[in-house]
Each structure stands twice: as structure tokens, then as C-alpha cells.
Amino acid sequence: MAKYRIFGGRYGGEVAIGKVSHEFAEYWAPRIEDEGDSDCIEFVTSVEWDDEPSDTESPAMTLEGNRPWYELDDIEHINSYSADGGFRVVKVDDDDKEDWDTEVEIEGYHQLYGREAYHDVEFPEPTEYITEEDIENYVPVMTFHSFEKGQFGTWEVEIDGEFDPDKFAYSIVETMVGEFVDKVFYDKKELEQNFDWADSTGKGYYAKVGWMNPKYHDKSEVYTDEYLVDNGFWEDLEDSIAYDKEQAEENND
């Protein structure tokens, strides 16, 4: 058996999406759109763990339970690579060390699916597509991202023979602050993300505030093995990979 280790790109970070108060959303959502997110970021990053809000603070200047931003994650919590950073695969020797002479960049289209975790920046009005009942279900949320450079874990696979890029696949989460690697697969099996050697340096923060209808949140638990097969995700990806190879061969002729 041969072991291979898969790495993402150089950038990524942590993203938390969670509920906030209506007052918080009503105050910050328009300000972020009109003036940028710097004031919101300054406030959010100043919150200390379990701080008690003062009597003079407005609801717009408090977070639920005064938890830090990375604890406001009841909708999504992501710590991963940016989806556009690509992937590299390296063979691992018997001492569990990477043989960088074997490094190969995984090329072509390998995205199996994308999960949407967007929200509206304005409270919605009724339309032919949005009913009054829909509007009643909207909740105020904040999406907060710590943008970082570094390594956000690896994935490992043990196989007989050489690593086959055609058997590699990944999924993403699409958010208001970017798209991030969600899951990685090899030969239609999900690989566990290993964070033992994860290490990164912070480069900045991004924040978005608004309203989300939970029924439009594309939850991870929906994408079971059975769901992926029954809805043709693997078949569609195999067709895309085959098409990419055909195009590459034509361009080389």
C-alpha cells in the first residue's frame, strides 16, 4: 500500500455564521454596505469572552451572550482552504514524511458540489417568489471571516498503486465572504481532514450582516452517500472530468 497526502492552497481561514439580534442586524447591515466593514470588525473583535454588557450599551452593540465571533456559529463553522487555491498531492514514505519530489498539482475540474450559505443584506420584501410565510422565517445573522495564510489541514489516502487524479473530488461552501473547501473525496469515499500540522498567520477580517431563511441554507447532512449517487453528482463529475481530458487532448494535437 502507498500513502498519499493532499494539501490545499496557501490561503483560507476560519468562518463563523451565526444568529445575532434584529437590532444588531438593522444597525450593522446597512453600514457595512455603505461604509465598509471596518467599524463592525473593530467592535466584534473587541468583545471579550463572557463580558457582561454595560447598561449604556444598545442591543446593536452587543453580541448574544457576548461571545467572541468564532462562537457565533450555530449555522456554519468553517476552517479550511479557499476553494480557488487548488490542490497538491505528495507521496508519504514509511517514516510518514512527504517525498516532495513526487509532488503533483491536481488539475482540471474536480468540484463535486457546492453548498450555499448566503444571506440577504436587506430584510426581504414580499415578491412572487418570497411569501409572507417565508419572511416570517428569516433570522438575523452575521458571517465573520478571519482571512489567513498557511496550512489548514491535510487529507490522506492509502491505496494500491499510484494516485489517480480522476478519482479525486471535493465540495465547497459558498458564503458571503468567499468560497471554501468543505469535503475531499477519493474514489467516492470522503477523506478525514487532519489538522495536526495546521498552522496559519492572520491577514485580516471580513464581516457581513443580514438576514437568512434557514430553509435556503444548504446543510452538510443532506449530502449523504446515497443522496450523491441518487442525484447523479458522481456521474456528472465523471462526465466533466472526461470532457476536460478530451479538450486537453484536442488542444495538444
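The values are calculated or read from the model by the stated rules, or taken from the named source; none is laboratory data. Here the structure is a predicted model, which means the values were calculated and not measured. Quick reminder, even Gly has a Cβ in these numbers, built from the backbone with ideal geometry, and neighbours come from all protein chains shown.
Restricting the range 144-159 to residues that are hydrophobic (A, V, I, L, M, F, W, C) and buried (at least 19 other Cβ atoms within 10 Å of the Cβ), the residue that is nearest to Y170 (Cα to Cα) is W155.
Only a single item in (1) β-branched (V, I, T); (2) modelled with pLDDT of 95 or more; (3) under 30 Å from T62 (Cβ atoms) is not met by I135, and it is number (2). V44 falls short of the stated requirement of being more than 20 Å from G202 (Cβ to Cβ), modelled with pLDDT of 85 or more and under 26 Å from the mean Cα position of the chain (by Cα). Among residues of the range 138-159 that are closer than 30 Å to P214 by Cβ and acidic (D, E), those with a Cβ under 9 angstrom from a residue that is crowded, with 17+ Cβ neighbours inside 10 Å and at pLDDT 95 or above, sequence gap 6+ or separate chain, pair up as E148/Y11; E148/G12; E148/G13; E148/E14. Kindly evaluate F24 against the criterion of being closer than 20 Å to W211 by Cβ, aromatic (F, W, Y), touching a residue at least 40 places away in the same chain (Cβ under 8 Å) and not in a strand (DSSP E or B). Against the criterion (closer than 20 Å to W211 by Cβ, aromatic (F, W, Y), touching a residue at least 40 places away in the same chain (Cβ under 8 Å) and not in a strand (DSSP E or B)), F24 qualifies. Restricted to strands (runs of 3 or more DSSP E) entirely inside the range 27-134, those with at least 1 residues that are more than 20 Å from H145 (Cα to Cα) and touching a residue at least 24 places away in the same chain (Cβ under 8 Å) are 87-92, 98-106, 111-116. Within the range 172-196, the residues that satisfy the criterion of being in a strand (DSSP E or B) and aliphatic (A, V, I, L, M) are I172, V173, V181, V184, L191. The set of residues from the range 198-252 being touching a helix residue (DSSP H, G or I) at 6+ places or on another chain (Cβ under 9 Å), farther than 30 Å from E33 by Cα and hydrophobic (A, V, I, L, M, F, W, C) comprises L228, V229, F233, W234, I241, A242. Scanning the range 201-221 for residues being exposed (fewer than 12 other Cβ atoms within 10 Å of the Cβ) and assigned to a helix (DSSP H, G or I) gives a total of 2. If the condition is being surrounded by 18 or more Cβ atoms within 10 Å (Cβ to Cβ) and in contact with a strand residue (DSSP E or B) (Cβ under 6 Å, 6 or more places away or on another chain), then the range 20-31 contributes V20, A25, W28, A29.
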